[in-house]
Amino acid sequence: MNIQPAQIADFNARLEADHRECYAFLKLQLDKKGINADELVEKIQDFQVAIPSWALGAGGTRFGRFSIGGEPGNLEQKIQDIGILHTLTHSAGAISLHIPWDIPKDAKAIQELAASHDIVFDAVNSNTFQDQQNQPFSYKFGSLCHTDKAVREQAIQHNIEVIEHGKALGSKSITIWLSDGASFPGQLNFRKALQRTLDSLQNIYQYLPNDWKLFIEYKPYEPNFYSTVIQDWGTSHLLATECGEKAYCLVDLGHHLPNTNIEQIVSTLIWRNKLGGFHFNDSKYGDDDLTVGSIRPYQLFLIFNELVEGMSETSNVKSQVNNFAWMIDASHNVKDPLEDLMQSLEAIRLAYAQALLVDRNTLAEAQETNDVARVQEILQDAYRTDVRPLLREARWRNGAALEPIELFRKLEIRNLLIQERGFKTVATGL
């Protein structure tokens, strides 16, 4: 289904007066601080976030999964759902595929379908954490780190095939996340496992096109609970450095132990020019994959504060924004996935807008003079500013809905998807 521009225009018309009043007030307040609101809106307009192909249906836990109805049953329908998100928000302009869950049968046709929704292809993602049908060797005891060379070769070949699929779609990067590790002490030799993983990654790296990037993701635990081969950002950085200049670290916000200072990790990786991108989500206890900004919105702001700080060191901030891979990686267990994703898109751009408000010169001065109270005032003043009018103005200028979720519900899009696809469809990969 397609949302027509006239439907958005009619919906926005009744909200325009209130929006204009709110935007004018915020613009006046920012002008007093020497901040150009229109320039901020332009930066927000350009900020696009990739939607993973596996996040369009209901997620689940090891205790159960509850269908929401109208879930996309194939890649074409997933692209259509992202098209809905992008039409409503104009901030979901990319899709990230997981192979083999979403192997295109006709790459050219899939590319044309995505283009019709103004969507490009972000990183492709390999999968060696599951055994696939008719797979010769099992990944039960690892993939790229496995003691058996035949298993490692199988995993390497899979990643090479993923790169080939990405090339056919116009993608420029591959993300590798490994579940490799051990559940019990002594199960594997740490050093040998890491060396085998490095050898495997270097093998994959050789097949990387010149204009591509390799993103190495890390995670401290799960599904193995004693050790994970790539358990933290330091190990990811080590492997990326050993692979070469086209290899980078990928930061998943949920892939950290409780209370980890993620913003410091981000700053360090920017300093070393090894930050490749993000998988955005939120968590209370572990890798909860909750809606972005739903639990720790201030931490999200602090992460973006470091990002904007790092990007401000170059004259072309827009170029730096587009240099990172931004993607949502969440599980939708009790919410409508499309509504949940719209909330995440809003939270990400909200944190970005707040970080753009930070007075970099004043902050640097306060830091250099050890004025700790002043530093806190500067950061929290930006964080507490209601920048939602900036996001609405960005959507308005891009022809999107001023209030995306409200229009989604008004048009009864979920009911229409259920009528079209049925109630018992299950999104591939879940």
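Every number here is computed from the coordinates shown, using simple stated rules; none is lab data. Here the structure is a predicted model, which is why all the values come from computation and not from measurement. Here Cβ is always computed from backbone atoms with ideal geometry, including for glycine, and neighbour counts include all displayed protein chains.
Here are a few things to note about the model shown:
- Order of 137, 304 under a 10 Å beta carbon neighbour criterion, fewest first: 137, 304
- Cα-based shape type of segment 120-272, given that a ≥ b ≥ c are square roots of the gyration tensor eigenvalues and the cut on a/c is 1.5: oblate
- FRET efficiency, 1/(1 + (r/R0)^6) with R0 35 Å, evaluated for residue 183 and residue 412 via beta carbons: 0.15
- DSSP-assigned coil residues among trypsin sites (Lys or Arg not before Pro) in segment 97-187, each with at most 12 further Cβ atoms within 10 Å: 105, 140
- Coupling constants for segment 403-420 follow from the phi torsions by the Karplus curve (6.51 cos²θ - 1.76 cosθ + 1.60, θ = phi - 60°), and in residue order they are 10, x, 5, 4, 5, 4, 6, 4, 7, 6, 5, 4, 4, 5, 5, 5, 4, 7 Hz; glycine and proline get x.
- Antiparallel bridge percentage (DSSP; both residues within segment 170-270; nearest 5): 20
- Fewest-first sequence of 344, 67 by Cβ atoms within 10 Å of each Cβ: 67, 344
- Taking each residue as 0.36 nm, the span from residue 39 to residue 147 lengthens on full extension beyond its C-alpha to C-alpha distance by 33.4 nm.
- Cα→Cβ-extended label distance, 7 Å offset, between residue 190 and residue 257, nm: 1.2
- Sites excluded, GluC sites (Glu not before Pro) in DSSP loops with at most 15 other C-beta within 10 Å, longest stretch of the chain: 1-244
- Nonlocal amide H pairs with residue 71, under 5 Å, H built at 1.01 Å: 425
- Here the contact order of segment 1-127, divided by its residue count and restricted to Cα pairs under 8 Å and six or more residues apart, works out to 24 percent.
- Linear extension gain, residue 106 paired with residue 76, 0.36 nm per residue minus alpha-carbon span: 9.7 nm
- Taking other C-beta atoms within 10 angstrom as a stand-in for reagent exposure, 196, 397, 384, 349 fall in the order 384, 397, 196, 349, fewest first.
- Whole-Hz ³J(HN,Hα) from phi, Karplus 6.51 cos²θ - 1.76 cosθ + 1.60, for segment 266-274, glycine and proline x: 4, 4, 5, 5, 5, 4, 8, 6, 10
- Taking 0.36 nm per residue of separation and subtracting the current Cα-Cα distance, fully stretching the chain between residue 15 and residue 388 would add 132.9 nm.
- Set 246/284; 105/172; 108/219; 274/335 screened for pairs whose C-alpha atoms are more than 26 Å apart: 246/284; 108/219; 274/335
- 3J(HN,Hα) couplings calculated from phi for segment 280-294 with the Karplus curve 6.51 cos²θ - 1.76 cosθ + 1.60 (θ = phi - 60°) are, in sequence order, 8, 6, 8, 7, 9, 10, x, 8, 6, 6, 7, 3, 4, x, 7 Hz; Gly and Pro show x.
- Where labels lie 7 Å past Cα in the beta-carbon direction, separation of residue 62 and residue 368 in nm: 5.3
- Across the chain, the relative contact order, built from alpha-carbon pairs under 8 Å that are at least six residues apart, equals 23 percent.
- Here the simple spin-label model places points 7 Å from the Cα toward Cβ, and for residue 28 and residue 222 these points are separated by 4.8 nm.
- Each listed q (0.19 Å⁻¹) maps to a log10 I(q)/I(0) for segment 331-399, found by the Debye formula over equal Cα scatterers with no solvent: -0.80.
- Shape call, the chain: gyration tensor on alpha carbons, a/c limit 1.5: oblate
- Segment 362-430: C-alpha gyration tensor shape, a/c 1.5 cut-off, then a/b vs b/c: prolate
- For the chain, size of Cβ-based charge dipole, Lys and Arg +1, Asp and Glu -1, in debye: 640
- The convex hull built on the alpha-carbon positions of segment 1-129 has an orientation-averaged projected area of 11.6 nm².
- A straight line joining the Cα centroids of segment 117-136 and segment 357-371 runs 44 Å.
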